[in-house]
Amino acid sequence: MAQIKNGFVDEQVDVRLDLFLEIEKLKKEKKAVLLAHYYQNPDIQDVADYIGDSLGLAQQAQKTDADIILFAGVHFMAETAKILNPAKKVLIPDMNAGCSLADSCPPKKFSDFKKQHPNHIVISYINCSAEIKILSDVICTSSNAVKIVESFPKEQAIIFAPDKNLGAYINKITGRNMLLWNGSCEVHEIFSLEKIVKLKIQHPNALLVAHPECEEPILEQADFIGSTSAILNFTKTNNKKEFIVATETGILHQMIKNSPDKIFIPAPPNNSCACNDCPHMKLNTLEKIYLALKHEQPEIILSETVIEQAKKPILRMLEF
Ligand code: 13P
Ligand code: SF4
């Protein structure tokens, strides 16, 4: 059995190998499907069978008839795939690919918080651990959060976890007053309002598109707010030619592919390295994907009890 070291298969890959070809070969041989989030590196997106946002990926994971699901994304996404399709072997290229947002909601603290508010139901963003999903009544993604919140009567008291920025955005557009868990995404909180405003002045015809995980002052400047799929679709169908993109830079690959005649400018972050890559998503590489398929490791393993309990709120979301 191959060595797993530091969360991934520790093996030297022959530099002469054409990894695209090898990955395609292994996928066929093992009846495996490669699902990739839009935040993955372009080479991974190009070898994937399906590229999508969190909702699309969960739906694909649920309905696939492949024997192996290789999930090029972060841990909570691969975990969700396992919960939805437990008979399949679910692999992740690097077990360390976590999520700052999911990590900002530790189960014990959240469970205590929930106990302090016994009249509230819990709606959790899919960017959370299986333990938090178990403590939730229904899961949502940035694609369906508004619809799911609005499906509950106005008087229903709601805890929204873990993203305070997405929660505040939903509160604003639905007129609700959900109690927000104080979590956030390190990538979407990095954008600089000052630099974005300057960029808008320099590019007066550009539209600012933003993910709802961004902070309120950024969202206030945005011409369009939506999930990664919704943003992508907006830039594809809108007749403007220039867009400032306030989300993780991986999405630019599909934007440029879909609209080669348009200009996409990554929104500037408030640090000096001008980098708004997700450090967790970017742990996955083509080499790790090849090795994960070759050795069928690292694998997501969950107990039957966790799968059974965490599945309920996710299925409730997918029924919408
Ligand atoms: P969506 O894929 O739902 O747009 O969410 C973005 C994200 O941050 C995933 O980690
Ligand atoms: Fe988590 Fe943010 Fe990275 Fe998405 S972009 S995986 S929310 S840290």
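The values are calculated or read from the model by the stated rules, or taken from the named source; none is laboratory data. This one's a predicted model, so the numbers in the text were calculated from it and none came from an experiment. Because the Cβ atoms are built from the backbone with ideal geometry, glycine has one as well, and the counts that use them run over all protein chains shown. Keep in mind that these areas ignore ligands, DNA and RNA; they rest on the heavy atoms of the full protein, side chains included. Shrake-Rupley method; radii C 1.70, N 1.55, O 1.52, S 1.80 Å.
Return the pairs, sorted by first residue and then second, in which the second residue is open to solvent by 40 Å² or more (accessible area, probe 1.4 Å) and away from ligand 2 (no atom under 14 Å from the Cβ), the first residue lies in segment 87-100 and is β-branched (Val, Ile, Thr), the beta carbons are less than 7 Å apart, and the residues are 6+ apart or on different chains.
Pairs found: Val90/Glu299.
Being without any contact (Cβ under 8 Å) to a residue 24 or more places away in the chain and either over 25 Å from Thr247 (Cβ atoms) or assigned to a loop (DSSP other than H, G, I, E, B) (or both) narrows it down to one residue among Glu287, Glu308; which is it?
Glu308
Among the residues of segment 179-216, what is the count of those that are outside any loop (DSSP other than H, G, I, E, B) and closer than 30 Å to Val74 by Cα?
12
To keep it simple, each residue is scored yes or no on (1) within 16 Å of ligand 1 (Cβ to nearest atom); (2) at pLDDT 95 or above; (3) of a type in the set (Lys, Arg).
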position: Leu17; (1), (2), (3): no, yes, no
position: Glu22; (1), (2), (3): no, yes, no
position: Lys28; (1), (2), (3): no, yes, yes
position: Lys31; (1), (2), (3): no, yes, yes
position: Asp46; (1), (2), (3): no, yes, no
position: Ala61; (1), (2), (3): yes, yes, no
position: Ala66; (1), (2), (3): no, yes, no
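If you take the residues in segment 146-168 that are open to solvent by 50 Å² or more (accessible area, probe 1.4 Å) and in a helix (DSSP H, G or I), which one is nearest to Val74 (Cα to Cα)?
Among them, the one singled out is Lys164.
Restricting attention to segment 46-76, report how many residues are hydrophobic (A, V, I, L, M, F, W, C) and part of a loop (DSSP other than H, G, I, E, B).
Number of matching residues: 3.
Taking segment 112-129, which residues are assigned to a loop (DSSP other than H, G, I, E, B) and within 16 Å of ligand 2 (Cβ to nearest atom)?
Of everything in segment 112-129, those that are assigned to a loop (DSSP other than H, G, I, E, B) and within 16 Å of ligand 2 (Cβ to nearest atom) turn out to be Ile126, Asn127, Cys128, Ser129.
Taking the condition surrounded by fewer than 16 Cβ atoms within 10 Å (Cβ to Cβ) and within 16 Å of ligand 2 (Cβ to nearest atom), does Asn182 pass?
yes
Output the residues belonging to segment 73-115 that are touching a strand residue (DSSP E or B) at 6+ places or on another chain (Cβ under 7 Å), within 16 Å of ligand 1 (Cβ to nearest atom) and closer than 22 Å to Met317 by Cβ.
Those that are touching a strand residue (DSSP E or B) at 6+ places or on another chain (Cβ under 7 Å), within 16 Å of ligand 1 (Cβ to nearest atom) and closer than 22 Å to Met317 by Cβ: Gly73, Met77, Ala78, Ala81, Ile92, Leu101, Ser104, Cys105.
Hey, does segment 51-68 have a residue that's more than 20 Å from Gly250 (Cβ to Cβ), open to solvent by less than 30 Å² (accessible area, probe 1.4 Å) and in contact with a Lys or Arg (Cβ under 6 Å, 6 or more places away or on another chain)?
Scanning segment 51-68 turns up at least one residue that is more than 20 Å from Gly250 (Cβ to Cβ), open to solvent by less than 30 Å² (accessible area, probe 1.4 Å) and in contact with a Lys or Arg (Cβ under 6 Å, 6 or more places away or on another chain).
Can you confirm whether segment 311-319 contains a residue that is modelled with pLDDT of 95 or more, under 23 Å from Asn96 (Cβ atoms) and open to solvent by 30 Å² or more (accessible area, probe 1.4 Å)?
Among the residues of segment 311-319, not one is modelled with pLDDT of 95 or more, under 23 Å from Asn96 (Cβ atoms) and open to solvent by 30 Å² or more (accessible area, probe 1.4 Å), which makes the answer no.
Any idea which of (1) assigned to a loop (DSSP other than H, G, I, E, B); (2) open to solvent by 30 Å² or more (accessible area, probe 1.4 Å) is the one Lys109 doesn't satisfy?
Looking at each condition in turn, Lys109 falls short on (1).
Give all pairs with beta carbons closer than 7 Å in which a residue from segment 6-17 that is more than 13 Å from Lys294 (Cβ to Cβ) and open to solvent by less than 70 Å² (accessible area, probe 1.4 Å) meets a residue that is among the polar types (S, T, N, Q) and at pLDDT 95 or above; count only pairs at least 6 apart in sequence or on separate chains.
Gly7/Asn96
How about segment 77-88: which of its residues are touching a Leu at 6+ places or on another chain (Cβ under 9 Å) and either part of a helix (DSSP H, G or I) or buried (at least 18 other Cβ atoms within 10 Å of the Cβ) (or both)?
Within segment 77-88, Met77, Ala78, Glu79, Thr80, Ala81, Lys82, Ile83, Leu84 meet the criteria.
Within segment 268-281, restricting attention to residues that are over 15 Å from Ala78 (Cα atoms) and either more than 13 Å from ligand 1 (Cβ to nearest atom) or part of a helix (DSSP H, G or I) (or both), which residue is modelled with the highest pLDDT?
Among those that are over 15 Å from Ala78 (Cα atoms) and either more than 13 Å from ligand 1 (Cβ to nearest atom) or part of a helix (DSSP H, G or I) (or both), it is Pro268.
From Lys257, Lys288, which residue is under 20 Å from Asp49 (Cβ atoms) and surrounded by 17 or more Cβ atoms within 10 Å (Cβ to Cβ)?
From the options Lys257, Lys288, the qualifying one is Lys288.
Sort through Ile231, Ile218, Ile251, Ile244 and tell me the only one that's away from ligand 2 (no atom under 15 Å from the Cβ), open to solvent by less than 10 Å² (accessible area, probe 1.4 Å) and of a type in the set (A, V, I, L, M).
Selected residue: Ile244, the only one of Ile231, Ile218, Ile251, Ile244 that is away from ligand 2 (no atom under 15 Å from the Cβ), open to solvent by less than 10 Å² (accessible area, probe 1.4 Å) and of a type in the set (A, V, I, L, M).
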